[in-house]
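The values are calculated or read from the model by the stated rules, or taken from the named source; none is laboratory data. In this text, all values refer to a predicted model and were calculated from it rather than measured experimentally. Note that we place each Cβ from the backbone using ideal geometry, even for glycine, and neighbour counts take in every protein chain shown. For accessibility, only protein heavy atoms count, side chains too; no ligands or nucleic acids. Shrake-Rupley method; radii C 1.70, N 1.55, O 1.52, S 1.80 Å.
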Amino acid sequence: MPSLTDQVVIITGASSGIGEATARRLAHGGAKLVISGRRGGRLEAVARELDPSGGRVLAMPGDVTNEPDRRRLVEAAREKFGRIDGLVNNAGYGTRGPVELVPVELIRRNFETNLFSLIALTQLVIPVMRAQAPDPARGGCHGRIINIGSVAGRIARPLSSVYDSTKHALEAITDGLRGELPVFGLEVVLIRPGLILTEF
């Protein structure tokens, strides 16, 4: 496993659950973090606990579905730490109910958070990682994009097909990126958790 020391990682949805646990693990491993989430108070509390000095963990409250917030997140990481070595796309939620009854607008909103916003943030981060990487011909990994999927990306369930379909689509996007980015020295990873006890 590569060293996490001084690696700069952005984590979305980091105020609780998998995102918060990821922040704790990476901070313990020596990474510098930029953590994002909609609940500013909780996000700030996580940041203070992980790094009371404020020198290694930056809290950036915001909504991943908001384009200015996404841009501020990336710009803040570069201003604070000078580079971006990793992106953990974790923000997401699930809409439940029978397809017959779930309003299409709610389905669009779930895709906006779980897929389209993830793609948009990834599009902002890839050029940063490419620009800071040495000559790709030298080999090695110079940046990682980690998408938090779900076993729901493989198995669609009754009353959960809206959420599950966002995770199916995420699998396809991740597979595509995994084929596109190695030439630039970038790795793409999909994490596929099962049932985990979180607020979600």
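Table for the structure above
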read-out	value
In segment 17-64, the residues that are open to solvent by less than 50 Å² (accessible area, probe 1.4 Å) and polar (S, T, N, Q)	Thr22, Ser36
Residue within segment 104-127 that is more than 24 Å from Lys167 (Cα to Cα) and either open to solvent by 10 Å² or more (accessible area, probe 1.4 Å) or at pLDDT 95 or above (or both) present	yes
Index of the failed condition, Arg70 passing every other in (1) surrounded by fewer than 17 Cβ atoms within 10 Å (Cβ to Cβ); (2) in a helix (DSSP H, G or I)	(1)
Cβ pairs under 6 Å, 6+ apart, first in segment 57-72 and farther than 9 Å from Ile35 by Cβ and touching a residue at least 12 places away in the same chain (Cβ under 8 Å), second among the polar types (S, T, N, Q) and in a strand (DSSP E or B)	Gly62/Ser36
Every residue from segment 73-91 that is open to solvent by 40 Å² or more (accessible area, probe 1.4 Å) and either hydroxyl-bearing (Ser, Thr, Tyr) or in a helix (DSSP H, G or I) (or both)	Glu75, Arg78, Glu79, Lys80
Selection count where residues are over 16 Å from Ile145 (Cβ atoms) and touching a helix residue (DSSP H, G or I) at 6+ places or on another chain (Cβ under 9 Å), scope segment 15-37	10
Count - residues of segment 92-101 that are touching a Ser or Thr at 6+ places or on another chain (Cβ under 6 Å) and either open to solvent by less than 40 Å² (accessible area, probe 1.4 Å) or among the basic types (Lys, Arg) (or both)	1
Qualifying residue in segment 146-167 (condition: open to solvent by 50 Å² or more (accessible area, probe 1.4 Å), at pLDDT below 90 and part of a helix (DSSP H, G or I))	yes
